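Down below is the structure, laid out as structure tokens.
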Amino acid sequence: METEEKKYKSSLSVKKGVSQVNKLDKKAISKFKLSKKFENSVEYYLNGIQKGNISILSQAITLLESSKKEHKDKAQEIINLCLPYSGKSLRVGITGVPGVGKSTFIEALGMMLVNKGKKVAVLAIDPSSKKSGGSILGDKTRMEDLSASKNAFIRPSPAGSTLGGVTRKTAETIILCETAGFDVIFVETVGVGQSELAVSSMTDFFLLLMLAGAGDELQGIKRGIMEMADAIVINKADGDNINKSRLAMAEYKNALHLFPASKSGWIPIVKTASAYTKNGIEEVWDTVLEYEKLVTKTGYLFQKRNEQAKYRMYETINDELKNRFYNDIQNKKRISQLEKDVLSGKISPYFAAKELLN
């Protein structure tokens with residue numbers, strides 16, 4: 001029996017491993033350090049973005065969105081290197097009431113453009129929770145077909161506390177996407193209800209999506225947003241909703257006559273479309289191209305982009321002043337003291353603010 005047991009080999013037998021290495025190869029370590037240093041250089045990002053490397057493009061955008069100072073500084077260096085290669089895309093801002101189907105509409109429009117040989121980037125802004133600060137960032141799941149295309153890039157970003165649901169870094173992300181060779185860039189905002197000035201300050205064409213039969217359409221949207229719109233599209237114009245959509249289209253056309261003429265000389269157009277059946281999608285894009293042709297011919301496009309650059313400069317100054325004010329150590333202590341005085345009723349909020357500013 002003993003001899004039989006000795007002959008038996010268990011499948012759980014342990015094999016001897018590799019003996020521990022006592023010395024590390026210094027030459028290999030130095031090569032690894034050089035490799036990591038190259039990957040972290042701004043030239044590495046520029047070369048990768050120019051080649052259309054989506055992974056490196058995403059890393060550069062992450063640097064832009066980072067709150068760390070070293071990341072911000074590196075991101076600005078990358079932006080400066082990319083600037084000469086930007087400005088060649090058509091930038092389209094898309095907004096609309098909640099539930100209008102922005103993501104579905106963008107996917108239908110994006111797929112049509114991809115099939116025409118265009119490279120499409122979608123910068124989708126997700127609302128951030130005021131309570132937790134978090135975002136779902138689920139736009140890729142809502143644009144399955146477009147996200148699977150090799151000629152499309154979808155980047156969901158948290159809106160944070162930025163007005164209009166557009167992140168402060170979206171304009172710089174556009175520069176990176178243009179350097180990567182994207183022909184059309186869509187900026188999808190959170191939706192009507194916040195200031196949409198931010199999206200109009202970084203795009204060429206402003207598209208407003210609306211629904212028919214969802215109450216009083218003209219009361220459900222702010223006049224200022226309609227004045228900024230270059231086109232209004234009544235989405236979900238299919239099935240039993242076709243007649244309602246046509247009626248809504250007529251109402252909007254009448255309403256637009258009451259607004260003053262735009263500086264571009266363009267007369268806003270109202271159309272109906274269905275992202276589900278794809279009806280009207282091609283006509284919407286033809287409208288965008290007509291607008292581009294007009295503003296390019298008149299020189300308004302160049303003028304508008306210059307004004308946008310100036311606007312972003314002042315916005316950056318305002319943001320930086322605000323950050324420096326609140327991050328100053330002495331200010332932090334003083335703010336805490338004055339806050340207690342305001343809460344106890346010793347001084348007014350306006351007096352406290354004046355004291356801090358002084």
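Test Leu301 against the criterion of being in a helix (DSSP H, G or I) and within 30 Å of Leu208 (Cβ to Cβ), and give yes or no. For Leu301, the condition - in a helix (DSSP H, G or I) and within 30 Å of Leu208 (Cβ to Cβ) - is met. For region 322-349, a residue qualifies if it is of a type in the set (A, V, I, L, M, F, W, C) and modelled with pLDDT under 90, and exactly one does: Ile329.
If you filter region 148-176 down to residues that are at pLDDT 90 or above and more than 11 Å from the chain's Cα centre (by Cα), you find that the one that is surrounded by the most Cβ atoms within 10 Å (Cβ to Cβ) is Leu176. The residues on offer are Ala261, Ala255, Ala231, Ala250, and the sole one that is in the same structural domain as Leu113 (by TED's automatic domain parsing), without any contact (Cβ under 8 Å) to a residue 60 or more places away in the chain and in contact with a Leu (Cβ under 6 Å, 6 or more places away or on another chain) is Ala255.
How many residues does region 251-271 contain that are aromatic (Phe, Trp, Tyr) and within 16 Å of Phe205 (Cβ to Cβ)? Working first, answer last.
Step one: filter region 251-271 for residues aromatic (Phe, Trp, Tyr), giving 252, 259, 266.
Now narrow it down to the ones that are within 16 Å of Phe205 (Cβ to Cβ): 266.
Total meeting the criteria: 1.
Against the condition loosely packed, with under 12 Cβ neighbours inside 10 Å and aliphatic (A, V, I, L, M), how does Leu357 come out, does it pass? For Leu357, the condition - loosely packed, with under 12 Cβ neighbours inside 10 Å and aliphatic (A, V, I, L, M) - is met. Name every residue in region 290-315 that is under 21 Å from the mean Cα position of the chain (by Cα) and without any contact (Cβ under 8 Å) to a residue 24 or more places away in the chain, in order of residue number. Matches in region 290-315: Asn306, Glu307, Ala309, Lys310, Met313, Tyr314. Restricting attention to region 99-115, the residues that are within 18 Å of Pro156 (Cα to Cα) and hydrophobic (A, V, I, L, M, F, W, C) total 5. Candidates are the residues of region 57-94 that are among the small types (Gly, Ala, Ser) and surrounded by fewer than 19 Cβ atoms within 10 Å (Cβ to Cβ); the one that is nearest to Met226 (Cα to Cα) is Gly87. Among the candidates Ser10, Ser30, Ser55, the residue that is modelled with pLDDT of 90 or more, of a type in the set (Ser, Thr, Tyr) and either in the same structural domain as Leu123 (by TED's automatic domain parsing) or out of contact with any Asp or Glu (no Cβ under 7 Å at 6 or more places or on another chain) (or both) is uniquely Ser55.
Being over 21 Å from Trp266 (Cα atoms) and modelled with pLDDT of 80 or more is the filter here, so list the residues in region 190-230 that pass it. Even if it seems obvious, please write down each step before you answer.
From region 190-230, those over 21 Å from Trp266 (Cα atoms) are 190-195, 211-221; that's our starting set.
Once the filter is applied, which keeps residues that are over 21 Å from Trp266 (Cα atoms) and modelled with pLDDT of 80 or more, region 190-230 yields Leu211, Ala212.
Quick check on region 231-249. Is at least one of its residues touching a helix residue (DSSP H, G or I) at 6+ places or on another chain (Cβ under 6 Å), at pLDDT below 90 and of a type outside the set (Lys, Arg)? Scanning region 231-249, I find no residue that is touching a helix residue (DSSP H, G or I) at 6+ places or on another chain (Cβ under 6 Å), at pLDDT below 90 and of a type outside the set (Lys, Arg), so the answer is no.
The values are calculated or read from the model by the stated rules, or taken from the named source; none is laboratory data. Keep in mind the model is a prediction, meaning the values are calculated, not measured. Positions of Cβ are generated from backbone atoms using ideal geometry, with glycine treated the same way; all protein chains shown enter the neighbour counts.
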